[in-house]
Amino acid sequence: MKKLVFCIAIMATVCLASCADGKKTQADADNTADSTAAMSKTDSANVGAGSVAEMGEDGEATEQDDPTNAEEWDVSVRTIDLDSDPRYEVIIRDSKGKTLTFGERTGFDYPRDMLETFGNVWQTDVNFDGHTDVMICLGQEPVSDQTFVRYDAWVFDPDDNKFYCQGSFRDICNPEVDREGRRILSHYIARDGVTRVYSAHYWQKDGNIAQEGETWTLSPNK
């Protein structure tokens with residue numbers, strides 16, 4: 001009888017120990033699963049975040065190379081009456097959908113087939129102040145055997161958090177943004193059909209833009 005009781009006691013002890021181990025194993029598994037799920041959520045939240053700046057050759061992050069440093073605006077352009085009185089309406093919103101600027105500007109009375117690019121948008125820092133501006137194409141002006149492309153420049157004012165159209169910018173034909181020289185280059189083709197005639201335009205303190213210096217030429221034959 002004593003042997004039977006002793007055997008039952010041993011079996012009960014083993015059973016309890018097994019159950020305890022089973023519960024511990026399941027608890028560990030649950031904790032591992034929870035930990036893995038939490039880690040997965042953290043990883044998914046950070047996917048694509050990466051570094052806030054591109055690295056230079058020396059491994060140091062520079063503000064100039066930081067792709068998150070420049071704004072990207074939501075720009076909507078509606079062109080109106082291209083056949084007789086070309087003009088456009090522009091709405092510029094920030095990344096949260098807030099409307100910063102609504103404006104309307106007249107275009108040029110170019111031939112209808114020269115207005116295919118009218119309303120096209122180009123975003124860049126056009127006045128070199130570190131903020132992204134908006135350029136809107138006004139179409140192509142036929143001049144002799146070439147065409148001039150002109151743009152309106154909507155310049156961002158961080159103090160007012162709005163955009164203002166810089167009126168004289170559209171006078172620059174075929175504008176090119178020269179970041180290194182902090183200037184806007186303009187060019188046209190000379191009568192020989194290959195030589196480019198350049199001029200440089202600089203932003204003034206009053207916010208206007210004006211040509212400075214003489215024109216110069218660049219010929220592929222020299």
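The values are calculated or read from the model by the stated rules, or taken from the named source; none is laboratory data. All values reported here derive from a predicted model rather than from experimental measurement. As a convention, Cβ positions derive from the backbone with ideal geometry for all residues, glycine included, and neighbour counts pool all protein chains shown. For the accessible areas, the whole protein counts, side chains as well, though only heavy atoms, and no ligand, DNA or RNA atoms are used. Shrake-Rupley method; radii C 1.70, N 1.55, O 1.52, S 1.80 Å.
If I filter the stretch 201-212 down to residues being open to solvent by 60 Å² or more (accessible area, probe 1.4 Å) and assigned to a strand (DSSP E or B), which single residue comes out as nearest to residue 153 (Cα to Cα)? The residue in question is 202. Yes or no: the stretch 177-200 includes at least one residue that is part of a loop (DSSP other than H, G, I, E, B), of a type in the set (A, V, I, L, M, F, W, C) and out of contact with any Gly (no Cβ under 7 Å at 6 or more places or on another chain). Yes: one or more hits.
Among the residues of the stretch 73-93, those that are over 16 Å from residue 164 (Cβ atoms) and part of a loop (DSSP other than H, G, I, E, B) comprise 81, 82, 83, 84, 85, 86.
What residue, among those in the stretch 124-163 that are out of contact with any Ser or Thr (no Cβ under 8 Å at 6 or more places or on another chain) and among the hydroxyl-bearing types (Ser, Thr, Tyr), is surrounded by the fewest Cβ atoms within 10 Å (Cβ to Cβ)? It would help to see each step written out before you state the result.
Taking the stretch 124-163 as the starting set, the residues that turn out to be out of contact with any Ser or Thr (no Cβ under 8 Å at 6 or more places or on another chain) are 126-131, 134, 136, 138, 142-148, 150-153, 155, 157-161.
Subsequent filtering for residues that are among the hydroxyl-bearing types (Ser, Thr, Tyr) retains 144, 147, 151.
Values: 144: 8, 147: 16, 151: 23.
Step by step, filter the stretch 124-163, then rank; the result is 144.
So, of the residues in the stretch 183-193 that are under 34 Å from the mean Cα position of the chain (by Cα) and open to solvent by 40 Å² or more (accessible area, probe 1.4 Å), which turns out to be nearest to residue 125 (Cα to Cα)? Looking at the filtered set, the residue picked out is 183. The number of residues in the stretch 98-123 that are more than 18 Å from the chain's Cα centre (by Cα), open to solvent by less than 50 Å² (accessible area, probe 1.4 Å) and of a type in the set (Val, Ile, Thr) comes to 1. Per the listing 95, 51, the residue uniquely surrounded by fewer than 16 Cβ atoms within 10 Å (Cβ to Cβ), at pLDDT below 95 and under 13 Å from the mean Cα position of the chain (by Cα) is 95.
Please verify whether the stretch 154-175 includes one or more residues that are modelled with pLDDT of 95 or more, of a type in the set (Val, Ile, Thr), over 19 Å from the mean Cα position of the chain (by Cα) and assigned to a strand (DSSP E or B). No, every residue in the stretch 154-175 fails to be modelled with pLDDT of 95 or more, of a type in the set (Val, Ile, Thr), over 19 Å from the mean Cα position of the chain (by Cα) and assigned to a strand (DSSP E or B). Looking at this structure, is residue 71 among the charged types (D, E, K, R), at pLDDT below 95 and touching a Ser or Thr at 6+ places or on another chain (Cβ under 8 Å)? Taking the combined requirement at face value, the residue satisfies it.
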